Structures are given as C-alpha cells and as structure tokens.
1. So in the stretch 48-95, with the set limited to residues that are β-branched (Val, Ile, Thr) and not in a helix (DSSP H, G or I), which one is farthest from the chain's Cα centre (by Cα)?
2. Take the stretch 1-36 and flag every residue that is modelled with pLDDT of 85 or more and hydroxyl-bearing (Ser, Thr, Tyr).
3. Please tell me if Pro30 is out of contact with any strand residue (DSSP E or B) (no Cβ under 8 Å at 6 or more places or on another chain) and within 25 Å of Glu12 (Cβ to Cβ).
4. Is there any pair linking a residue in the stretch 24-45 that is closer than 19 Å to Leu56 by Cα and part of a loop (DSSP other than H, G, I, E, B) to one that is among the charged types (D, E, K, R) and at pLDDT 85 or above, with Cβ under 8 Å and at least six apart or on different chains, and which?
Amino acid sequence: MTAGCLKIRVLEPGMATPIQICRNGTITLPAELRNRYQLVEGGVLNLVDLGDGVFLLFPRHFKVDELADKIRLELEARGESLESMLATLREVRAE
C-alpha cells in the first residue's frame with residue numbers, strides 16, 4: 001500500500017468499504033477484494049459516475065474473452081484441443 005494511505009478493513013458484500021485516494025488520484029483496492037473477484041494488476045475496471053458524488057466501479061470483461069471461452073468449451077466438449085486442430089491444419093496444408 002502506498003505510504004500515507006489508510007489500512008482498509010473490507011466489509012461484507014453490499015456494505016461500503018472506505019478507500020482512500022492517494023497521490024496522483026491512485027486508489028488501492030483491498031487485497032481481500034482483489035482476491036475475491038480475481039482482479040489482477042493491469043486489469044481494466046469501468047467507473048460510472050452516478051451523480052451526486054456516487055460512483056460505480058466494476059471489472060470490465062471483454063467480449064472477445066467471453067467468446068474465446070465459449071469456443072474453448074465447445075471444442076473441449078467435442079474432444080478437440082488446440083494441438084489436435086493444429087495437427088489437422090498441418091495435414092491439410094501438406095496435401
């Protein structure tokens with residue numbers, strides 16, 4: 001945690017958790033929340049200004065990631081893997 005920032009105690013879901021704004025507007029999400037919601041360094045969050053000083057902060061999930069997961073699950077259900085698809089592709093190219 002950045003020097004001078006508060007030690008934050010995470011509350012239960014649905015309850016407010018105080019977060020201090022540090023130098024250059026940096027905020028640190030408590031490790032418990034990062035772990036609970038699998039938030040990693042470099043991850044992107046959306047910030048929505050609801051007005052009257054109320055903000056909503058939530059993880060941004062990219063559609064391409066969701067589609068890639070669906071494709072992977074479908075292929076796995078068929079018994080396919082990346083390796084088997086690459087092998088088939090090499091065979092077709094060799095013909």
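1. Initially, the stretch 48-95 is screened for residues β-branched (Val, Ile, Thr), giving 48, 54, 64, 71, 88, 92.
Imposing the further condition that a residue be not in a helix (DSSP H, G or I) reduces the set to 48, 54.
On the way: Val48: 17, Val54: 22 Å.
The qualifying residue farthest from the chain's Cα centre (by Cα) is Val54.
2. The answer is Thr26, Thr28.
3. Yes; evaluated as a whole, the condition is true for this residue.
4. Val40/Arg34
The values are calculated or read from the model by the stated rules, or taken from the named source; none is laboratory data. Since the model is a prediction, treat every value here as computed from it, not as a measurement. Every residue, glycine among them, receives a Cβ derived from its backbone with ideal geometry; neighbour counts consider all protein chains shown.
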